[in-house]
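Each remark here refers to the structure printed beneath this line.
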């Protein structure tokens with residue numbers, strides 16, 4: 001009989017140890033899952049709050065001496081970073097650009113226009129400008145030189 005009791009105690013202790021280890025694993029997985037859901041919700045929220053609009057007049061595009069000027073308005077509800085923006089002209093990334101926040105503000109806040117000057121040589125004809133923010137929100141506009 002004493003062997004049976006000892007065996008039962010050993011199995012009971014082993015079951016408690018295994019249950020404790022499994023609960024630790026499940027708690028860790030639950031925490032990771034909750035963090036992933038929170039990150040996705042924050043990213044989705046940022047996308048909902050982010051909006052831009054290229055507000056140039058396509059009939060009178062400012063292009064002088066191989067400098068194209070775009071005016072981009074922050075139409076969302078959160079401040080944006082001009083450094084997190086990609087400008088494509090006819091599908092090609094334009095690295096040689098400079099920007100100024102109109103009104104002399106330090107941040108590109110909602111309702112404010114960003115002036116982007118691109119050093120690019122364009123032939124006469126139809127072109128497309130596309131502006132993409134780092135979270136994937138974009139706006140594009142066709143124009144003619």
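Only the coordinates and a few stated rules stand behind these numbers; no lab work does. All of these numbers come straight from a predicted model, not from anything done at the bench. When we count neighbours, we look across all protein chains shown, and the Cβ atoms used for this are built from the backbone with ideal geometry, even at glycine.
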Inset, instruction - For the chain, with a Gaussian network of springs between Cα atoms less than 10 Å apart, report the residue from 125, 20, 76 with the top mean-square fluctuation. - result: 20
Legend entry - Coordinate range along principal axes, alpha carbons of segment 76-119, Å, largest first: 28, 19, 14
Inset, instruction - Calculate the spin-label point distance for residue 8 paired with residue 105, positioning each point 7 Å from the Cα along the beta-carbon direction, and give it in nanometres. - result: 7.5
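Which value in deg cm²/dmol, rounded to the nearest 500, describes the helix-derived mean residue ellipticity at 222 nm for the chain, given -39,500 (n - 2.57) per DSSP H run of n ≥ 4 and division by the residue count? Write down the numbers at each step before the final one.
Numbers: 1 runs with 48 residues, N = 145.
Helix-only estimate at 222 nm: -12500 deg cm²/dmol.
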Legend entry - Rounded Å value of the spacing that divides the Cα centres of segment 1-31 and segment 91-145: 63
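Using a Förster radius of 30 Å, what is the FRET efficiency between residue 29 and residue 135 based on their Cβ-Cβ separation? Nearest 0.05, please. Mind showing how you got there, number by number?
Numbers: r = 28 Å, r/R0 = 0.93.
That pair, residue 29 with residue 135, gives E of 0.60.
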Legend entry - Full-stretch length increase - residue 112, residue 22 - with 0.36 nm per residue and alpha-carbon distance subtracted: 27.0 nm
Inset, instruction - Name the residue, out of 48, 105, 70, whose mean-square fluctuation peaks in a Gaussian network model built on the chain with Cα pairs under 10 Å. - result: 105
Inset, instruction - Would you kindly compute the Cα radius of gyration of segment 28-111 and its largest Cα-Cα separation (Dmax), both in Å? - result: 17.5, 60
Inset, instruction - Have a look at 60, 26, 12 and tell me which one the Gaussian network model of the chain (Cα, springs below 10 Å) gives the largest fluctuation. - result: 12
Legend entry - the chain - Kirkwood radius from inverse mean 1/r over Cα pairs (Å): 19.2
